[in-house]
Amino acid sequence: MKIKILVLFSILVFSSTLLSGQGMIIEPNAYVSVRNGGKLIITDATNGKLRIKSTSAGTGSLLVDNTAGSSLTVPSNNAYVERYLALAQWHYISSPLSNGLSGIFLMDYLRTSDQTATSGWAPYIASTTDPLDVMRGYAVWKPASNAAWQEVFNGNLNNGNLSINIGWLAGDWAGWHLVGNPYPCAIDLTTGVTWNNVESTAWFWNGSAGNYQAWPTNGINTGIYNGGTHPGIVPAMQGFYVHSTNATASLALTNASRVNTAQAFLKSTTDPHLIIRAQGYANSYFDVISVLFNPDATASYDQGYDAYKLYGLTEAPQLYTQINDTNVSCNSLPFGRADITIPMGFSCGVAGNYTLIADSLGTFDSNVAIMLEDLKLSITQSLRSNPVYNFSYATTDNSNRFLLHFDNPYFGISDLQSGPDLLQIYSYENFIYIRKTGTEPLIGKMSVYDLLGRELFTCNLSDALVSKYEVNLNEGYYIVKVISDEFATSKKVFIR
């Protein structure tokens, strides 16, 4: 006798086995996998239903793998996939059906992206009969007044190879598209994905942060700090942003992309990287950036390694570093010089007290100095000694307020040096920095010469952990000499 099948944990339909029943219910956080030629058949053509449940605790999952012979048979339009939505929040979703309609979100606010619109958004969808395009992402706001309505997709489940055209068009949001996972299970963006003229990076909305968190496939994602999860695993029906670079761009997925797990995996790397989180006290929103030193990256913007900064809520802190004049959330670059200085910016629509918290400092060699400079207050703090920096912020402050300094003595202090390694000399823009690497008082004189040996600037040294001197010279290379009673050292620097 055929029965209805209730899945509370997991079921594997394996090899050439057959599992059939009048109906099936997959409870939240339970999953069904049809693998290696297995077959799952719902037999009751009139009343047989496949229902995947969703609550605040999680969503069920169904995966039919890409092995020949693996199959799922459900009577037409008898697949029901629930999608739990928290009240009074934006959610990015994607339909798991080939024939989904906008009426699924009755009384909710529903729209999709539009790269040609000033706001980046298309008009709200008022009709209940608009098709929900496969792999298109949609933004949904569920008002508190609609708490009794449950969003349920009802139709034919997506399966097999799928793609969406997302070509670049001129506009305020040129190239930015909201797309989504079209399957009733999670997908892995590192497998079975074709990024055709699309950056291999995904930007996910984090409502708790009030910000987007980026994941470049070759970099360090900005979600790693928030719970240690790897957003390369995209949950069922989850929407996310991608950025196209050509008019003929497309994004394609295959069954090989699919994974049957609700648990994201960790992104590990042996490359040194820094994570910085910005948070305030007026609300619970936050933002996160990453800086990764990867020998395969360059100092320019690299698709799949770096990720543009997408701005979140006005009242949420916004943090970024810069690659040339481009603001990014994820910054990957080589550590090929003795010292590297990276501009870091901060802004928020709310004035108040804020905190920067540095993490992953242990991925660097212990001899690498990592310092934060506050240009507004002329304060330089060693993040190794104290990874927490507190500051007050006014909405009129220059957003390009901070510098990150990475100094590595193993890459050489100077080919002209004599004496002990008591200090390190480097430059940024038209400033020269001198950092003490010893504990002895620094007393002496600093002079700057052009390559012909002419002295252009001189001053007495400041005995501080990091001293900063503005030289206002023409762009080019110069020789910096530091002379004290105990030692003399020189370094070639570039002034911009």
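When the charge dipole of the chain is built from unit charges on Cβ atoms (+1 for Lys and Arg, -1 for Asp and Glu) and taken about the Cα centre, the candidate among THR395, ALA307, VAL81 whose Cα reaches farthest toward its positive end is VAL81. The mean sequence distance of close C-alpha pairs (under 8 Å, at least 6 residues apart), as a share of the length of the chain, puts its relative contact order at 9 percent.
Treating only the Cβ atoms of Lys and Arg (+1) and Asp and Glu (-1) as charged, compute the dipole magnitude of the chain about its Cα centre; round to the nearest 20 debye. Write out the running numbers ahead of the final one.
On the way: 28 positive and 37 negative charges, 301 e Å.
The calculation lands at about 1440 debye.
Positive-end ranking of SER332, GLY180, PRO295 along the dipole of the chain, with charges on Cβ about the Cα centre, is headed by GLY180. What you get for the range 415-495, charging only the Cβ of Lys and Arg (+1) and of Asp and Glu (-1), is a dipole of about 60 debye around the Cα centre.
Among THR128, THR112, the order by Cβ neighbours within 10 angstrom, fewest to most, reads THR128, THR112. Note on Rg and Dmax of the Cα atoms in Å: of the candidates (1) 33.4, 112; (2) 27.6, 98; (3) 27.3, 92, the value calculated from this structure sits at (2). With 21 Å as the limit, the listed pairs LYS376/LYS491; LYS468/LYS491; LYS468/LYS492 have LYS376/LYS491 beyond it between alpha carbons. Would you mind getting me the FRET efficiency between SER145 and THR67? Use the beta-carbon distance for r and R0 = 35 Å, nearest 0.05. It comes to 0.15.
Based on the Cβ-Cβ distance of SER462 and ALA122, what FRET efficiency does E = 1/(1 + (r/R0)^6) give at R0 = 56 Å, to the nearest 0.05?
Values: r = 57 Å, r/R0 = 1.01.
After rounding to 0.05, the efficiency reads 0.50.
The numbers here are math on the coordinates, done by the rules we state, and not lab data. This one's a predicted model, so the numbers in the text were calculated from it and none came from an experiment. Virtual Cβ from ideal backbone geometry, glycine too; neighbours counted across all protein chains shown.
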